[in-house]
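The values are calculated or read from the model by the stated rules, or taken from the named source; none is laboratory data. The structure displayed is predicted, hence computed values, not measured ones. Please note: Cβ atoms are built from the backbone with ideal geometry, for glycine as well, and neighbour counts cover all protein chains shown. What goes into the accessible areas is simple: the full protein's heavy atoms, side chains included, and nothing from ligands, DNA or RNA. Shrake-Rupley method; radii C 1.70, N 1.55, O 1.52, S 1.80 Å.
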Amino acid sequence: MSPLEGVKVIEIDSWMAAPSAGAILADLGADVVKVEPLNGDPMRNMGRPAKVTGKLAGYDFGFDVANRGKRSISVALDTDEGAAVVRRLCADADVFMCNLLRPRQERFGLTPEALHQVNPRLVHATLTGYGTDGPEAWRPGYDVTAFFGRSGIYDMLREGDDGLVQMARPAQGDYTTGLSLVVAILSALRVAEKTGTGEAVETSLYETAVWTQATDFGVTAVDRAPVRRRTRTQQIGATANRFPCGDGKWIVLNEPRPESWGRLCRAMGLDDLAEDPRFDTIKKRFDNMELVISLLDQQFATRSRDAWGAIFDQHRIVWGPVLSLDEVANDAQAEAIGLFPEIEHPERGAYRSVRIPIRTSGGGVGPRGPAPTVGQHTREVLEEAGFDGAEIGTLLDDGAVG
C-alpha cells in the first residue's frame, strides 16, 4: 500500500519548488490535482533538451520530474468563476498547497481563513520566497535569489574574499524547499487526523536555505560576526580538502582527526612527510598549508582519480569522487539503490526519471506516470467534484476553465 493512498491534494503553483513537493506527495501515493493557467505552467518547455532521438525527442524531462503522476486542470484563476472552481475542489480535499503570495491568496479567496470556511479539515500549505510575514513578504523569490543569495550560501562558497560568486545548478534550492513543505504537510495531516482541524503551514526558500546552514548559523546567530571565506590553501586541515588528480578529475577527502595526517601520507607513499618537523602538528600544517597543498597536489597528479580511490579504500581513508552529472547517471551505486527508476509514457515510451530520496520497507513509493498535459484532466476532475455537464459546458464556454 502507498503511504498517502486516499489523500487528495489541490495544488496551485508553478516553476519548480512547490511543484516538486507535489511530485513527492504523488510518488507517496496521493492524488495530486495540479491547477494550471489556461496556457499552462510557465516552466513547461523551458528545460534543457535531452540528447535523444525518436519518440522521446522534444519531451520536457525537467518539467516532468516535478510534475509526474499528477492530474492537470487548467483554470483562469483571475476570474470569479475560476476561483470559485478551486474553492469547490477544496471542499473534499485533504491538502491545498500553493506558491501564491498572501495578496494573491486574498484576491482569489484562497487564504487559510477562507478555505477553512469551506473545509475545516483542510491542510493549507504555502511555499514562498521569503515567507508570508515581515517587510519582504511581498517580494517574489527564486532559488538563486532567495535560497542561495539572500541566505549567505553563495557568499560562503566563494574562494576567499575576492572569489567569484558561482551560480548554482537549476532548482537545487527549489527541490530542497519542496522537501521542507512535504514535512510540514505530513505533520499537519497527522494533526487533522487526530483533531479534525486543518492547520495552515508554510515554508520559504529563504528559511530552508538558512536551515541547511545550521552548523554555521548555530554560531553566527549567537555572535553575529563575519565568517572567514577560506580558499583551498586556507582550510583547517589538508586531510579534509579537495585535490585534482592526474586525469584532470577531482577527489575529496574528509579525514578531520589529527592522526589522519600520518595515515594519508603513508597511503600516498609520502612517509617522509608524515615525520617532517614542518608538518608534525596541526598548527604547523596550518601555518604551512600552502606548501602542504602543493606537495600533495604534486603526488595526486601522478595517478588518476579512480586509482587514488582504490588506494584510499585499501587504507580505510574516507574519500569521495567529484563526479560529473553524466557519471552519476551511470553510477553503479545509483543503479543499486534505484535512483533512476523507469517511467512508461503512453505515447513516447519508456524513459528514466529521478527517484525521491525516500525508500520504505513496504514499498508503494515511486513514480506513477508522466506529467500531464495542460488541462488533460479538467473534465474528469470537475465531474468528480460534482459539476454536472451543463456547469462544465458553461465554464468551458466562458473561458473559466480549459
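When you scan the range 269-291, how many residues do you find that are of a type in the set (S, T, N, Q) and surrounded by fewer than 12 Cβ atoms within 10 Å (Cβ to Cβ)?
Here the count works out to 0.
Please go through the range 48-87 and give me each residue that is open to solvent by 30 Å² or more (accessible area, probe 1.4 Å), small (G, A, S) and either in contact (Cβ under 8 Å) with a residue 12 or more places away in the chain or farther than 26 Å from A171 by Cα (or both), ordered by number.
G54, G62, A84
In the range 98-106, is there at least one residue being open to solvent by less than 10 Å² (accessible area, probe 1.4 Å), of a type in the set (D, E, K, R), in contact (Cβ under 8 Å) with a residue 24 or more places away in the chain and part of a helix (DSSP H, G or I)?
Within the range 98-106 (the criterion being open to solvent by less than 10 Å² (accessible area, probe 1.4 Å), of a type in the set (D, E, K, R), in contact (Cβ under 8 Å) with a residue 24 or more places away in the chain and part of a helix (DSSP H, G or I)), the answer is no, since none of the residues qualifies.
Among the residues of the range 14-40, which ones are in a loop (DSSP other than H, G, I, E, B) and either open to solvent by 10 Å² or more (accessible area, probe 1.4 Å) or of a type in the set (A, V, I, L, M, F, W, C) (or both)?
Within the range 14-40, S14, W15, M16, L28, G29, A30, P37, L38, N39 qualify.
Of everything in the range 380-397, what is open to solvent by 40 Å² or more (accessible area, probe 1.4 Å) and touching a Gly at 6+ places or on another chain (Cβ under 9 Å)? Give them in sequence order.
E383, L396 - these are the residues of the range 380-397 that are open to solvent by 40 Å² or more (accessible area, probe 1.4 Å) and touching a Gly at 6+ places or on another chain (Cβ under 9 Å).
Could you please let me know if L264 is out of contact with any Lys or Arg (no Cβ under 7 Å at 6 or more places or on another chain), open to solvent by less than 40 Å² (accessible area, probe 1.4 Å), under 30 Å from I153 (Cβ atoms) and not small (G, A, S)?
Yes: the conditions hold for L264.
What about V201, is it open to solvent by less than 70 Å² (accessible area, probe 1.4 Å), out of contact with any Cys (no Cβ under 9 Å at 6 or more places or on another chain), among the aliphatic types (A, V, I, L, M) and not in a helix (DSSP H, G or I)?
Here the answer is yes, as V201 does meet what is asked.
Yes/no per residue for (1) touching a helix residue (DSSP H, G or I) at 6+ places or on another chain (Cβ under 6 Å); (2) at pLDDT below 90; (3) not small (G, A, S):
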{"position": "G246", "(1), (2), (3)": "no, no, no"}
{"position": "W250", "(1), (2), (3)": "no, no, yes"}
{"position": "P256", "(1), (2), (3)": "no, yes, yes"}
{"position": "S260", "(1), (2), (3)": "no, yes, no"}
{"position": "K284", "(1), (2), (3)": "no, yes, yes"}
{"position": "G309", "(1), (2), (3)": "no, no, no"}
{"position": "W319", "(1), (2), (3)": "yes, no, yes"}
{"position": "L325", "(1), (2), (3)": "no, no, yes"}
{"position": "F340", "(1), (2), (3)": "no, no, yes"}
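Identify the residue in the range 150-196 that is assigned to a helix (DSSP H, G or I), open to solvent by 40 Å² or more (accessible area, probe 1.4 Å) and in contact (Cβ under 8 Å) with a residue 24 or more places away in the chain and, among all such residues, is nearest to L325 (Cα to Cα).
Q172
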